[in-house]
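Trainee: Dropping the structure in here first, questions after.
Taken together, the values in this text are just the output of simple stated rules run on the coordinates, not laboratory data. All values reported here derive from a predicted model rather than from experimental measurement. Note that each Cβ is placed from the backbone with ideal geometry, even for glycine, and that neighbours are counted across all protein chains shown.
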Amino acid sequence: MDLLEQIRILEKEHASLNKKIDGMEKTGVFKDEQLSEAKRKRLQIKEQLVILRKRQFEQQHETLDWDE
């Protein structure tokens with residue numbers, strides 16, 4: 001699986017968690033532990049996305065040679 005595919009999968013998962021969290025907060029029907037776990041997982045995904053996007057950027061720009 002390449003970086004772009006990993007990023008897309010994580011973006012979908014992040015969006016899904018956003019919807020779930022929004023729904024929980026709007027309805028008020030949730031246990032505190034459920035909401036905390038969903039928010040923790042969403043943050044983990046966001047951190048993974050930052051790492052993968054940085055790696056993708058570096059791969060796209062590694063062919064540049066600034067010494068020439």
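Trainee: Pairs of alpha-carbon atoms within less than 8 angstrom and 6+ residues apart define the contacts here; what relative contact order does the chain have, in percent? Mind showing how you got there, number by number?
Mentor: Numbers: 23 pairs, mean separation 31.6, N = 68.
In percent, rounded to a whole number, it is 46.
Trainee: In the neighborhood of LEU17, defined by Cβ-to-Cβ distances under 9 Å, what is the net charge if each Lys or Arg adds +1 and each Asp or Glu adds -1? Kindly include the intermediate steps, with their values, before the conclusion.
Mentor: Details: positive: LYS19, LYS20, LYS39, LYS41, ARG42; negative: GLU13.
Value of the local net charge: +4.
Trainee: Another question, if that's okay. Sum up the lysine pairs in the chain that clear both bars: alpha-carbon distance under 22 Å and a spacing of 8 or more or different chains.
Mentor: 20
Trainee: Ordered by residue, what ³J(HN,Hα) values in Hz, to whole numbers, does the range 41-56 give under the Karplus form 6.51 cos²θ - 1.76 cosθ + 1.60, where θ = phi - 60° and Gly and Pro are x?
Mentor: 5, 4, 5, 4, 5, 4, 5, 5, 4, 4, 5, 5, 5, 5, 4, 4
Trainee: Another question about this same structure. Sorted by average packing, counted as other Cβ atoms within 10 angstrom per residue and highest first, what order do 48-57, 28-37 take? Don't jump to the answer; show the numbers that get you there.
Mentor: Values: 48-57: 12.8, 28-37: 10.3.
The densest-packed peptide leads the list: 48-57, 28-37.
Trainee: In degrees, nearest 10, range 0 to 90: what is the angle between the Cα axis of helix 3-27 and the longest Cα principal axis of the chain?
Mentor: So the inclination is approximately 20 degrees.
Trainee: Follow-up question, since we're still on this one. If I take the Cα coordinates of the range 1-53 and project them onto the principal axes, what are the three extents in Å, biggest first?
Mentor: Principal axes ranked by extent give 38, 14, 14 Å for the Cα atoms.
Trainee: Using a simple charge model, +1 on the beta-carbon of Lys and Arg, -1 on the beta-carbon of Asp and Glu, nothing else, what dipole does the chain show about its Cα centre, in debye to the nearest 20? Walk me through the intermediate numbers first.
Mentor: Working: 14 positive and 15 negative charges, 145 e Å.
Roughly 700 debye, rounded to the nearest 20.
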